[in-house]
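Below is one structure, written out as structure tokens; comments come after it.
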Amino acid sequence: MKCDIPELKGDNYKVWKERILLHLGWMDIDYAIQKDEPPPITEESEPEEIELYERWERSNRLSVMFIKTNISSGIRGSIEQYDNVRMLLKAIDEQFESSDKALASTLIMKFSTLRLTSTKGVRDHIMQMRDLAAQLKTLEVTMSDSFLVHYILNSLSQQYGPFKISYNTHKDKWSINELLNMCVQEEGRLLMEGGESGHLATQGKVKYQAKKKGKEKLTSQGNIKKESKCFFCKKKGHMKKD
């Protein structure tokens, strides 16, 4: 099993903690996180008590070492140092609780101002909004799929106006994946429609320019004839052959 653990840097605490606990469980050294510290070993301790304490001590020691090695050196000094893994995790929780609130505010602001300003790129736009919604969910800021569908539709450019009206008058509700597929199809239709309109406009412009050029040529030839000079008598208005 491979579990990539990002280095704790402050803005990735939720993912970091999730991966840390997963990895400690996979290595079977998370006993000290789940169980309280047993009584210290004494001369009167039974073999079962000694074995239990040694298991807890090993789990605690390895867990603390593993956690500390996955914290960036820039913030390691700002976290209180503990030899107990539970207390260490609690200190890290308290350290980044306010950071999570600030991150949630930043993500909400970014999500609420995100807009698609052109016809192209609708897939990337929707995927970006889905990613922001997923990040907010990890910070306990959740939104329903129905709300997300409506919000994404409202963030599309004005070219998608008829498409939005079509959805609002449709009886069925779309999932996020259905919305993504339908928007990609609409993007293709709009781009094709725009290409055909541009082609027709170009053809009309070329015909107009050709017609205009033909008129200018006829006028120019008429002017040359009127201004021609006879090479025989040197007078204007006729040619030598006339």
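Bear in mind these aren't lab numbers, they're just calculated from the coordinates by the rules spelled out. It should be emphasised that the depicted structure is a prediction, and the values quoted were computed from it without experimental measurement. Here Cβ is always computed from backbone atoms with ideal geometry, including for glycine, and neighbour counts include all displayed protein chains.
Where the eigenvalues come from the Cα gyration tensor of the range 13-98, what are the semi-axes √(5λ) of the equivalent ellipsoid, largest first, in whole Å?
27, 14, 10
Across the range 131-200, Cα-Cα pairs farther apart than 19 Å form 43% of the total. Sorted from greatest to least, the principal axis extents spanned by the alpha carbons of the range 86-183 come out as 56, 27, 16 Å.
Of the peptides 12-25, 46-59, how do they stack up when ordered by the mean number of other Cβ atoms within 10 Å, highest first? Intermediate results must be reported in sequence, preceding the final value.
Values: 12-25: 17.1, 46-59: 13.6.
Ranking the peptides 12-25, 46-59 by packing returns 12-25, 46-59.
Does the range 1-156 classify as rounded, prolate or oblate by the C-alpha gyration tensor (a ≥ b ≥ c root eigenvalues; a/c under 1.5 gives rounded; else a/b over b/c gives prolate, otherwise oblate)? Intermediate results must be reported in sequence, preceding the final value.
Numbers: a/c = 3.32, a/b = 2.79, b/c = 1.19.
Since a/c reaches 1.5 and a/b is larger than b/c, the shape of the range 1-156 is classed as prolate.
Counting alpha carbon pairs within less than 8 Å and at least 6 residues apart, what relative contact order, in whole percent, applies to the range 1-66?
Relative contact order comes out at 30 percent.
In this simple spin-label approximation, residue 139 and residue 154 carry label points 7 Å from Cα along the Cα→Cβ vector, and these lie 2.0 nm apart. Checking the Cα-Cα distances for 68/90; 68/110; 120/164; 35/68; 9/110 against a 23 Å cut-off, the pairs over it are 68/110.
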